[in-house]
């Protein structure tokens, strides 16, 4: 039985995830009415550049800090490592800022085909870089189980970014620059606040040997991080390059809304992952295989449940909240809901358990290669909707290979009938609604099909005893399969 402190900490660690996902969506109606699709597309592409470059600038040191934190047994050594890493990343970021400032016109014109935006990439990168410094402090709070500070410094930047962006966008009419400067101002404020707090409690000290050891661990991870960031941003770049800036905006909006499914699934993973590991190591292999399969079925169902809700009813949200030029994002949201739901089967540590981390990295690179090969013609011929379908096709192909390899490494005895029934109900419901929208079937009939699909899915949950009469999501069922 977890302690009350553990439960409170779990809630506090989850709150920033919820707020960080929902607040940007809630404010979308304001931002999309102040920016047309081309302007929002410019903003989205500036974030592609900023996120990519910042991922490279950190050299995997966040993962290195999280690991090496526990090697030190006293607070002074831990804070020295933190200061050393932040100073190092700060210097690298300043260098990258100078490079961006020098080459900005060339990058904007030749790589993004954008004209008339001065210092756009420099400001966007600065905002992302300064915001990234906070992650090291958050990691420190997480490792030291200071959940209150973790939650506070996570939430405050999110709220401040929205506030400053709205002021700069509406009161000063700064358009794209308003969004970027809003992030830069809030990130700088929070970073200064963190430095003041830490310097008041912890003496500033640098430990170059500890930094060297951390870099020795993290540098080999840089290629994986490079490909990871490249894979997460490449689709938007391809749309901007081969389709249009407006297409980037529509795609980015759809991705942001559908991403709630992925965020929820990641939060759920934090719940089931420790139990999966425990079963792998503590039970006999055959018993572990069956136990894990039974244990994971409800988690799969509730993950799909969220994806289905977003996919079916995003149409109503988009039509009510967003201007008409963003309405093409509706079908893309549905496609991405299926895409993110499919990631459930790649979230299990079978390859890591089998000590095949090299194979995990190889599979990761394969996913990027597949995505590029498929999405280039899809983006050129069908724009953002084509990239969404291409990404789903790529994910299905890669996911099938990954599933096969993972099962060979550690076999999980899935409850096949339940998993297939849940998956088919979900996919067929989404595809039928997409086709009905494509053929412009009467909205009343579409709404009826959506409600029927939702009711059928709820019935599945009841028949599988995941949903009960007394409790909507029966947590007792999910957690009762303790190791025996």
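Just so you know, all these numbers are worked out from the coordinates, no wet-lab data involved. The shown structure was predicted, so the numbers you read here are calculated from the model rather than taken from an experiment. Cβ: placed from backbone, ideal geometry, glycine included. Neighbour counts: every protein chain shown.
Note on 385, 283, 120, 22: ascending count of other Cβ atoms within 10 Å places them as 22, 283, 385, 120, the fewest first.
Expressed in nm², what is the orientationally averaged projection area of the convex hull enclosing the Cα positions of segment 4-234?
Its Cα hull, projected and averaged over all orientations, spans 13.5 nm².
The convex hull built on the alpha-carbon positions of segment 394-468 has an orientation-averaged projected area of 6.6 nm². Here the calculated FRET efficiency for residue 143 and residue 381, from their Cβ-Cβ distance with R0 = 41 Å, stands at 0.30, rounded to the nearest 0.05. Comparing Cα centroids, segment 148-185 and segment 270-318 end up 35 angstrom apart. When each of the peptides 403-416, 155-168, 295-308 is scored by how many other beta carbons lie within 10 Å of its residues on average, the order from highest to lowest is 295-308, 155-168, 403-416. Counting only DSSP H runs of at least 4 residues, each contributing -39500 (n - 2.57), and dividing by the residue count of the chain, the helix-based mean residue ellipticity at 222 nm comes to -28000 deg cm²/dmol. Between the beta carbons of residue 428 and residue 203, assuming R0 = 60 Å, the FRET efficiency works out to 0.45 to the nearest 0.05.
When only Cα pairs below 8 angstrom with a gap of at least 6 residues are kept, segment 259-479 shows a relative contact order of 27 percent.
Sorted from greatest to least, the principal axis extents spanned by the alpha carbons of segment 41-161 come out as 52, 28, 16 Å.
Our summary gives the chain a relative contact order of 19 percent, counting only alpha carbon pairs under 8 angstrom and 6 or more residues apart.
With the simple model of a label 7 Å out from the Cα in the direction of the Cβ, residue 273 to residue 452 spans 4.1 nm. Taking the average, over residues, of other Cβ atoms within 10 Å as the packing measure, peptides 89-100, 389-400, 195-206, 250-261 rank 250-261, 389-400, 89-100, 195-206 from highest down. The stretch between residue 30 and residue 159, if pulled fully straight at 0.36 nm per residue, gains 44.9 nm over its current Cα-Cα span.
Available extension along the chain between residue 95 and residue 372 is 96.7 nm, counting 0.36 nm per residue and deducting the alpha carbon span.
Dimensions of segment 259-479 based on its C-alpha atoms, expressed as ranges along the principal axes with the largest first, amount to 56, 48, 26 Å. Labels on offer are (i) 21, 57, 23, 0; (ii) 24, 58, 17, 0; (iii) 24, 55, 21, 0, and the one holding P(r) over Cα pairs in 20 Å bins from 0, in percent computed from this structure is (i). For segment 62-78, the residues whose amide N sits under 18 Å from a probe point set 7 Å from the Cα of residue 216 along the beta carbon direction are 62-73, 78.
Note on segment 91-196: Cα Rg divided by 2.2 N^0.38 Å, N the number of residues, gives 1.21. Considering only alpha-carbon pairs that sit under 8 angstrom and 6 or more positions apart, the relative contact order computed for segment 227-351 is 37 percent. Grouping the Cα pair distances of segment 175-326 into 10 Å bins from zero gives a pair-distance distribution of 8, 17, 26, 27, 18, 4 percent in increasing distance order.
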